[in-house]
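Reading through the structure tokens given below for one structure.
The values are calculated or read from the model by the stated rules, or taken from the named source; none is laboratory data. Predicted model, so just to flag it, every value in this text is computed and none were measured. All Cβ positions, glycine included, derive from the backbone under ideal geometry; neighbour counts span all protein chains shown.
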Amino acid sequence: MHQITEDVYYTGVLNPNMRVFDVIMRTEYGTSYNSYIVRGSEKTACIEAAHLTFFHSYLDNLKEILQGKSLDYLVLNHCEPDHTGCVAKLLEVYPDLTVVVSQAGSIYIRQIANNPELNIRVVKDGEILELGGKTLEFRSAPFLHWPDSMFTWLPQDGILFSCDFLGTHYCEPQIFDHRIAYEEKYWEAVKYYFDCIFGPFLPYVRKGLDKIEDLDIAFCCNSHGPVLTREGLLPEVIRRYSRWCRPEVRENKLIPIFYVTAYGNTELLARAAARGIQSVLPGAQVDLYNIIDHDLGQLTAIMNECDAFLVGSPTINRDAVAPVWQLLGGIEAVNIQKRPVAVFGSYGWSGEAVPHLVERLSSVKAAVFPEQFKVNFVPAEADITAAAAFGESFAKSL
Ligand code: FEO
């Protein structure tokens, strides 16, 4: 049994063997599904549930703390199934449980638990739930990292239940930050987690930090990884979040060109466009990336951080080629809005790659340059000149 304060207990489950999370994240150091019991004099609340796979361990932990007493509330700071997958089963054990969620969370949890009888209490920003000598205060924190996300603050104990925020996929066989054995690996996991989970929502990270600025947090009881403490790693985690959520201001524009080339023709256009851009913006950093020659994760990071970018693809089977789609699959839709993007490519028969890429980029609300540039088969000298002019026009539009 892990006790955090006199009336707050850890009831989470460790999963050191997990190696992939949410299909796309590698989790080299496993994870934990953190959950907590808060005991008031009148009511008892559980903050967060657990992954369905670990329901029995989670239930054992709950029962150990509850010792046969009732559980009144289940607070779900957000409803992703790693924290809610077992809610339907939990309700079989505690059918009178009231599920406490945000408005958006109420929609999600009904679908996740598939239970029309679900007893739900929707809480708004600033709303309070009294447990008897313990007060849960709710602060909405949308897009950290789901629309329904919120924080729960327990002022009597100085505990912030921060959901995924300030957490990480990292698992050691103890729960507090001051007992971490491999701190370097922990920080590596924190950065990777931040990039994957919160990188797409940087403006919301800034708002989230503002939202907890006034709190004197003794314990940050997050949903994954070690519980953070005021005397331990919490101040440094907050410092790093503050830095990472404010991208550095660059003196010169970063305008990468991503392309794939089947017979060298799209590459000729890429090089000509780069010359055109640099003739207008001589200080700009215009790097050319043949997508198949680079690490996709690194290219994705560059694409999401740059000031503007170009993407070029040949047309094969009436479409852009797979590596280009893979790159665009990593677009951070929130951050990419209004980002200037230009599209080009050489084609043999019909040239659908360019319009398809325009459609995709428009759908994520990038500012797609209205001139697209297509050349049939091998670019002639006039085409190369036109590709450079295309680069110039794009640069002038920035
Ligand atoms: Fe840990 Fe967003 O769930």
- Message: I'm told ASN77 meets every condition in (1) at pLDDT 95 or above; (2) of a type outside the set (Asp, Glu); (3) more than 13 Å from the ligand (Cβ to nearest atom); (4) within 17 Å of ALA50 (Cβ to Cβ) except one. Can you identify the failing condition by its number?
- Response: (3)
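Every residue, every condition in (1) of a type in the set (D, E, K, R); (2) within 16 Å of the ligand (Cβ to nearest atom); (3) in contact with a Ser or Thr (Cβ under 6 Å, 6 or more places away or on another chain); (4) modelled with pLDDT under 95, yes or no:
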residue: GLU184; (1), (2), (3), (4): yes, no, no, no
residue: TRP187; (1), (2), (3), (4): no, no, no, no
residue: LEU202; (1), (2), (3), (4): no, no, no, yes
residue: HIS224; (1), (2), (3), (4): no, yes, yes, no
residue: ILE238; (1), (2), (3), (4): no, no, no, no
residue: ILE257; (1), (2), (3), (4): no, no, no, no
residue: ALA272; (1), (2), (3), (4): no, no, no, no
- Over the stretch 340-395, the set of residues within 18 Å of TYR259 (Cα to Cα) and basic (Lys, Arg) is ARG360, LYS374
- Task: Return the total of residues in the stretch 11-47 being in contact with a strand residue (DSSP E or B) (Cβ under 7 Å, 6 or more places away or on another chain), part of a loop (DSSP other than H, G, I, E, B) and either within 14 Å of the ligand (Cβ to nearest atom) or not charged (D, E, K, R) (or both).
- Result: 7
- Search the stretch 113-145 for residues being within 16 Å of the ligand (Cβ to nearest atom) and in contact with a Gly (Cβ under 8 Å, 6 or more places away or on another chain), and hand back the single one that is farthest from VAL237 (Cα to Cα). ALA141
- Note on the structure: ALA262 fails exactly one of (1) assigned by TED's automatic domain parsing to the domain that holds GLY391; (2) part of a helix (DSSP H, G or I), namely (2)
- Cβ pairs under 6 Å, 6+ apart, first in the stretch 170-186 and under 19 Å from MET18 (Cβ atoms), second of a type in the set (S, T, N, Q): CYS171/THR31; CYS171/SER32
- Note on the structure: Given (1) closer than 30 Å to VAL8 by Cα; (2) away from the ligand (no atom under 16 Å from the Cβ); (3) of a type in the set (A, V, I, L, M, F, W, C); (4) part of a strand (DSSP E or B), ILE217 misses just (4)
- Filter the stretch 256-296 down to residues that are surrounded by 13 or more Cβ atoms within 10 Å (Cβ to Cβ) and under 24 Å from the mean Cα position of the chain (by Cα), then give me how many there are. 5
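Which one is surrounded by the most Cβ atoms within 10 Å (Cβ to Cβ) among residues in the stretch 162-175 that are under 23 Å from ARG39 (Cα atoms) and within 13 Å of the ligand (Cβ to nearest atom)?
So the first thing to find is which residues in the stretch 162-175 are under 23 Å from ARG39 (Cα atoms), and the list is 162-164, 174-175.
Still in the list and also within 13 Å of the ligand (Cβ to nearest atom): 162-164.
Working: SER162: 25, CYS163: 29, ASP164: 25.
The extreme case among them is CYS163.
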- Restricting the search to the stretch 80-106, which residues are in a helix (DSSP H, G or I) and either away from the ligand (no atom under 16 Å from the Cβ) or among the aromatic types (Phe, Trp, Tyr) (or both)? ALA88, LYS89, LEU90, LEU91, GLU92, VAL93, GLN103, SER106
- Message: Cβ-Cβ under 8 Å, sequence separation 6+ or interchain: first residue in the stretch 17-29 and of a type in the set (Phe, Trp, Tyr), partner assigned to a strand (DSSP E or B). Which pairs?
- Response: PHE21/THR31
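Does LEU136 qualify as being out of contact with any helix residue (DSSP H, G or I) (no Cβ under 8 Å at 6 or more places or on another chain) and buried (at least 24 other Cβ atoms within 10 Å of the Cβ)? Steps first, answer last, please.
On the way: out of contact with any helix residue (DSSP H, G or I) (no Cβ under 8 Å at 6 or more places or on another chain): yes; buried (at least 24 other Cβ atoms within 10 Å of the Cβ): yes.
Taking the combined requirement at face value, the residue satisfies it.
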